[in-house]
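The next block holds one structure in the form of structure tokens; read it before the comments.
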Amino acid sequence: MLVIHCPYCGPRPEPEFAHGGQAHIARPQDPTTTTEDDLLQFLYLRENPRGLFRERWRHARGCGRFFNAIRDTTTDFFVTTYKVGERPELPGGAA
Amino acid sequence: MSNLTLTRRSPHIEARSWLEPVQAMLRLSFRGGPEAIAAASTSFGVALPTTACRAASHGARSALWVGPDEYLLLAPESDDISVRTALTASLAGIAHSIVDISHRQAAFLLKGPHAEWLLGSGCPLDLDLAAFPVGMCTRTVYMKSEIYLWRTAADVFHIETWRSFTPYVVDHLVDAARECAA
Ligand SMILES: [Zn+2]
């Protein structure tokens, strides 16, 4: 079974987790200056890389918290997981 | 509301050699930051654990770590008013949330030499004593149902299920028990 490291609870089995899509998507701060293109980018456009990808995950059946992960989309290998607000750099440069 | 008398009925769970129903109790879902946690520890009478996935007890009251700012507080039903009054008083002016979930859940003890094996029939966690020691607690899954799991002794697990899921969880355990004739 795939084991995912929750930043709060430690290593836990995959069925406890829910995938939350691409990480680090920031909502446009000021609605009055937000353009249609900004909203298009925010709402709909997502990366779909082959390789390392920063994703949101939620320990839905455990502590319930959202966190971020860097996962290799070709091997399903989790390089690292980290709390919301952090952004660890990787040698080789993740997306 | 004070005139309203509610009878708390737990789902019927048939006792077995390895399964013991837990009587109705007061359950509070408590959330708050470090300041609220410190205040609640004093007024509840149990130091809320700050270590992940650990439970603490004092007398008949227990506090289970559920998330970084979330706890399940357990107390006898008879402490209902006194617990709420004490918590509310000590938490005045401090951001927090307390939700009464006494009726939402039902509990039973899974015990005996086969307890770990029985739980393993539907729970994907590593339940070995080294990985899941006495005093450890967590929210997790059994089959497709969410459960709160708390190891109170080497061969005793306190399990809380959402009340409408109780028959589902118990029936699957009974099914598993047929295999090891527990
Ligand atoms: Zn967790």
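No lab work stands behind these numbers, since they all come straight from the coordinates. Everything numeric in this text was worked out from a predicted model, so none of it was measured. Neighbour counts are summed over all protein chains in view; Cβ atoms, including those assigned to glycine, are modelled from backbone coordinates with ideal geometry.
Some observations on this one:
- Cα gyration tensor category, rounded, prolate or oblate, for the protein assembly as shown with a/c compared to 1.5: oblate
- Annotation for B:THR42 and B:ALA60: the two label points, set 7 Å from Cα along the Cα-Cβ direction, are 2.6 nm apart.
- Each Lys and Arg contributes +1 and each Asp and Glu -1, all at the Cβ; summed about the Cα centre of chain A, the dipole is approximately 400 debye.
- Computed FRET value (nearest 0.05) for A:VAL3 with A:ARG27, which takes r as the C-beta separation and R₀ as 41 Å: 0.80
- Residue with peak Gaussian network fluctuation, chain A [Cα springs, cutoff 10 Å], from A:ARG27, A:ARG65, A:ARG54: A:ARG27
- Here is the P(r) of chain B: all C-alpha pair distances, binned every 5 Å from 0, give 1, 8, 17, 21, 19, 15, 10, 6, 3, 1, 0 in whole percents.
- Rounded Å value of the spacing that divides the Cα centres of the stretch B:41-68 and the stretch A:18-76: 34
- Backbone N within the stretch B:13-44 under 12 Å of label point (7 Å from B:VAL174 Cα along the Cβ vector): B:13-16
- Over 20 Å [Cα-Cα, chain A], rounded percent: 42
- Residue among A:ALA69, A:ALA18, A:ALA26 with the largest mean-square fluctuation in a Gaussian network model of chain A, springs linking Cα atoms under 10 Å: A:ALA26
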